[in-house]
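The structure appears below as structure tokens.
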Amino acid sequence: MLYFDNAATTYPKPEQVYKEMDRLTRECAVNSGRGSYKKAENASAVINETRKKVSEFMGAENAEDVIFTSSATEAANRVLRGYGFEENMTVYVSPYEHNAVMRTLEALRKEKKFKIKVLETDEKGYLNLDDIEYQFMCDEPDFVCINLASNVTGYVLPAERVADMAKEYGAIVLADAAQAAGNIEINLKETNIDILIFAGHKSMYGLFGVGGFITNSRIFDRDKNITPVIFGGNGEDSLNLELSERGISRYEVGSPNIAAIGTLKTAIDTIEKDLVKNVEKLKVYCMDHPENFYFMDVYSSVSYSEKMFVNVDNSIHNYDIMGGWASKSPLYRKKLKAYQINTMEEGLLSMENVYFVRKKAEDMHWLSNYYESHGENIKITLVETIDDVFEIYRIEAANL
């Protein structure tokens, strides 16, 4: 099967990840922090080593700034529900936010009565920094949520610039790195981003079951500003019914997923070593050999550093076609200001991070031959930037 749904989750994982999952499940699948026996100590060591690795990978100030959760969605809920929103606060969001953020904010807005405003974009969907500066002047921000990269278009948002602007008003900045971590370099401590959310199973090439949030301790006091919203045991001070007032144990309650957490370190080690250069090789191959892909249309100038997308003009989506391929469901619609990307009938597939999916260039030949031999009337459009996506899918707001 050719797998193109990497924006949802990367698959398959590096072989090293599978091997480490098997080892940890057999050797360390015990409850960390609950005893002083050797396996429990080993399990705690696995978590601490991964915490250190994630902190280095994301450019955190300290390893203790990393809090593990079961997913980025849980992390978003813990951060947003734990933050002290108040009536009449102004919360800004980008038009590219995931529902893990937007649905949580909407539920809180109804409860807390704060305002949610969308950051301004230009006619092509890029954030318009001049307009955003004016927005902030007219209605000062208290909290800003910004996705580092869109899982729909691949647009890498100018999050650091927006964070700098927000900090002029003392706003808290939450950045969603679920799609970005592993794709772009992140150095949290050098930014004005207060809180960063991550997902282990996407472009970090880990497993389902691990995500988290990282706070920028240089500018943000996590333990003072984020109240726990989930309570339970953590192996610490068990006779006390109150959680500790500071530290990791204030947030990491319940039994941790040792295998998922531990394999995340292995995944990061792997992608740091191999992934970027091999993804670039595949992009170069696709762009330099158009004769192999009669069904592809290439738009804009060649820029191998940009993320690539494939548009499939037929109704085959989200299925394995005779061992063929898997893609994102076409039932995906996202409005952006006066325009929209409409993939209700045409699937938008990410070509991002496919090194571990297509280890052989012959796979793309197979795809071409398959559709030719089976008589499928298919057209794949290969685009490189958000400009191309909007140019193809732009629709007047009045026609929506």
Among what's in region 95-117 and is closer than 21 Å to residue 167 by Cβ and modelled with pLDDT of 95 or more, pick the residue that is surrounded by the fewest Cβ atoms within 10 Å (Cβ to Cβ).
115
State yes or no: is residue 42 under 24 Å from residue 228 (Cα atoms) and either surrounded by fewer than 21 Cβ atoms within 10 Å (Cβ to Cβ) or free of Cβ contacts under 8 Å to residues at least 40 places away in the same chain (or both)?
no
On the given criteria, is residue 255 farther than 23 Å from residue 144 by Cα, free of Cβ contacts under 8 Å to residues at least 12 places away in the same chain and of a type outside the set (Asp, Glu)?
no
What is the one condition in (1) of a type outside the set (Ser, Thr, Tyr); (2) closer than 30 Å to residue 95 by Cα; (3) at pLDDT below 95 that residue 219 does not satisfy?
(3)
For residue 172, the lone unmet condition from (1) under 22 Å from residue 95 (Cα atoms); (2) within 15 Å of the chain's Cα centre (by Cα) is (2)
Can you tell me how many residues in region 58-90 are under 21 Å from residue 263 (Cβ atoms) and of a type outside the set (Asp, Glu)?
12
Just wondering, is there one or more residues in region 125-138 that are among the aromatic types (Phe, Trp, Tyr), buried (at least 18 other Cβ atoms within 10 Å of the Cβ), out of contact with any Pro (no Cβ under 6 Å at 6 or more places or on another chain) and touching a residue at least 60 places away in the same chain (Cβ under 8 Å)?
no
Check whether at least one residue in region 99-106 is under 28 Å from residue 5 (Cβ atoms), touching a residue at least 60 places away in the same chain (Cβ under 8 Å), in contact with a strand residue (DSSP E or B) (Cβ under 9 Å, 6 or more places away or on another chain) and part of a loop (DSSP other than H, G, I, E, B), and report yes or no.
no
When you look at residue 265, is it under 29 Å from residue 137 (Cβ atoms) and of a type in the set (Lys, Arg), yes or no?
no
Restricting attention to region 235-250, does a residue exist that is buried (at least 21 other Cβ atoms within 10 Å of the Cβ), farther than 30 Å from residue 86 by Cα and modelled with pLDDT under 95?
no
Within region 7-43, residues being in contact with a Pro (Cβ under 9 Å, 6 or more places away or on another chain) and hydroxyl-bearing (Ser, Thr, Tyr) number 2
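The values are calculated or read from the model by the stated rules, or taken from the named source; none is laboratory data. Model, not experiment: these values are computed from the prediction. Reconstructed Cβ throughout: ideal geometry from the backbone, glycine too, with neighbour counts over all protein chains shown.
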